[in-house]
Amino acid sequence: MMNGFTITQFSLSDFKQACHVFETVIPDVFEQEGIGHLTGDMQDEIEYKINLLRSAREGDEPKTRFWLAKQNGVVVGIISFGPSNEDLNACTDHELAQVGELGSLYVLPGYQGRGIASALIKEVVIYLHSRGIEEFCLDSAYRRAQEKWKQKFGEPYAAVMDYWGPGTVHMVWLCRVSDFLA
């Protein structure tokens with residue numbers, strides 16, 4: 001247990017709580033980004049994440065794996081690792097298509113700033129290292145997240161201007177697992 005929370009791999013019994021994290025955090029992110037009025041896009045993002053989660057609970061070896069941060073048995077954060085997404089591939093001309101993606105990192109608003117996201121990332125890095133995976137990538141179109149990722153992961157591998165419309169930028173990072181094991 002770290003700072004009052006634990007990290008576990010996703011299980012079927014966590015499905016509703018994990019969905020709740022997406023349904024709570026994604027609208028909050030859209031509001032903070034000034035795009036809360038894009039309700040269709042917001043709902044599409046929530047449904048996409050829930051469908052990823054749904055596919056992770058099927059079969060013995062899911063394409064995408066999820067880890068959860070829990071406090072007192074309540075899911076307060078989530079992260080995934082799986083195949084790189086379409087936007088990431090489009091932004092890199094498929095150069096990173098064979099590199100797995102760290103994604104779906106969300107922490108409930110009342111729990112942010114407590115090291116939960118960092119602990120979730122660390123858990124994925126340990127998993128990747130144990131599997132002999134040397135690199136991972138991640139992407140973001142959210143300005144606030146991009147600033148955090150620049151601090152944590154350095155300058156992006158790619159930055160595509162106007163990807164989502166005028167004045168927007170979509171950033172992609174390529175990271176070495178060994179850089180985050182310490």
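Every number in this text was worked out from the coordinates using simple rules, so none of it is lab data. Predicted model, so just to flag it, every value in this text is computed and none were measured. Virtual Cβ from ideal backbone geometry, glycine too; neighbours counted across all protein chains shown.
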message = Can you sort ILE126, ILE78 from fewest to most other Cβ atoms within 10 Å of each residue's own Cβ?
response = ILE126, ILE78
ask   = Under 5 Å between amide H atoms, partner at least 5 residues away or on a different chain: which partners does THR168 have, H built in plane at 1.01 Å?
value = ASP162, TYR163
inquiry  = Only helices at least 20 Å long along their own axis, judged from Cα atoms, and with Kyte-Doolittle mean hydropathy of 0.0 or greater: name those in the chain from DSSP H.
reply    = 15-32, 116-130
